[in-house]
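Worksheet: one structure, shown below.
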Amino acid sequence: MVPSEYEHEPVLLETVLEQLALEAGDWVLDATVGLGGHAAALVPRILPGGRYIGLDWDGSILAEARVRLATFGDAVVLEQANYAEFTEVLVRSGRQRVEAMLLDLGVNSAQLADPVRGFSFDREGPLDMRFNPDEGQAAMELVNRLNERELADLFYEYAQEPASRKIAKRICQVRHNARITTTGALARAVVSALGPAAAASGKLHPATRVFQALRIAVNRELDNLVRFLERAADHLSPGGRLAVISFHSLEDGIVKRFLRQAKKERVLQEVTKRPLIAEGRERGRNPRSRSAKLRVAIRLDESSIRED
């Protein structure tokens, strides 16, 4: 359940509105609709006659989005699905191509605020981290099953954690006495591996990268991003736009490389040379926006795509 006191602010909202350049009658696929912050601003742009298809893997988040977007009636269709499964959703909608796609890869702040979900190291709760609690293995299963080398590789590969080996060794020592099943227990293990000075440094919390790496692994985020991108262009109308908001270098690197290849194949053309970022006012108001990068590409007309 979304905390009642939670106020949601979508990242880079004005920039997304400007870059997608929607018109009445357009169809939009929002592959990570979340609480509907972007949707609430985008749907009026496609009325009358447009359709907004929103996906989210998290059923509790999607339920809140249904309430917030109910005023738009049949113009909004919401389904619980991983964004890598968007093609199946489009088939059910009766439309093969849309005029715009939006993918916001950030973890929803409401998920971080709910201790039951286990996403946050500063909120005691079960070490879960699954976007869909009904699918896959919880983070605690990885933490207690992987061997020391596998844990170290995971922390380094998915979060570039420089102390990955030291942290992995300490986790294995701790779990030898008792399974690590809570966010607090894992955070304390990481802090004990790095020493009290790391926790008091005033920089990132010592467990930040470890929690990021586990969340990415649990939800297969990078694999799902690749699957989404590989199919995206085929389901965009000529002139349609793809917008992807990423929050760390691994995600942005995948998007950047994909768009570079799509340009070579004359399928997509990136709209800007560099990713768009939040301006100073938004960065001050919404800390989540500070790491956000938006890349936008336009689908080229089939007549411009030809064999070399």
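The values are calculated or read from the model by the stated rules, or taken from the named source; none is laboratory data. Predicted, not measured: the structure shown is a model, and the values here were computed from it. We place every Cβ from the backbone using ideal geometry, glycine too, and count neighbours over all the protein chains shown. When the accessible area is computed, the model is the full protein with side chains, heavy atoms only, and any ligands, DNA or RNA have been set aside. Shrake-Rupley method; radii C 1.70, N 1.55, O 1.52, S 1.80 Å.
Some notes on this structure:
- Helix 164-177 vs. the chain, principal-axis angle (Cα, 0 to 90°, nearest 10): 60 degrees
- Tilt relative to the chain, helix 148-159 - C-alpha long axis, 0 to 90 degrees, to 10: 40 degrees
- FRET efficiency, L47 to R274 (Cβ-Cβ, R0 41 Å, nearest 0.05): 0.80
- Angle in degrees between helix 249-264 and the longest Cα principal axis of the chain, rounded to the nearest 10: 30 degrees
- Heavy-atom accessible surface of region 221-308: percent carbon and sulfur, 1.4 Å: 47 percent
- Region 183-275, relative contact order in percent, only Cα pairs under 8 angstrom and at least six apart counted: 16 percent
- In the chain, the DSSP beta bridges split such that about 40 percent are antiparallel, to the nearest 5.
- Rolling a 1.4 angstrom probe over the protein heavy atoms with all chains in place gives region 231-291 an accessible area of 56 Å² per residue.
- Pair R257, S237: separation of 7 Å Cα→Cβ label points (nm): 3.3 nm
- Alpha-carbon centroids, region 32-67 and region 132-157: separation in whole Å: 31 Å
- With each label modelled as a point 7 angstrom along the Cα→C-beta vector, the A21-R285 pair spans 2.6 nm.
- Lysine pairs within the chain, Cα separation less than 26 Å, 8 or more sequence positions apart or different chains: 11
- Cα pair count fraction exceeding 16 Å, expressed as % - region 144-222: 46 percent
- Once the C-beta distance of A70 and A113 is scaled by a Förster radius of 30 Å, the resulting FRET efficiency is 0.85 to the nearest 0.05.
- Over region 95-202, relative contact order from alpha-carbon pairs under 8 Å, at least 6 apart, %: 23 percent
- Pairwise label distance in nanometres, D153 with E9, each label 7 Å out on the Cα-Cβ vector: 4.1 nm
- With all protein chains kept in place, the per residue accessible area of region 75-160 amounts to 44 square angstrom at a probe of 1.4 angstrom.
- Dimensions (Å) - region 53-166, Cα atoms, principal axes, largest first: 53, 29, 23
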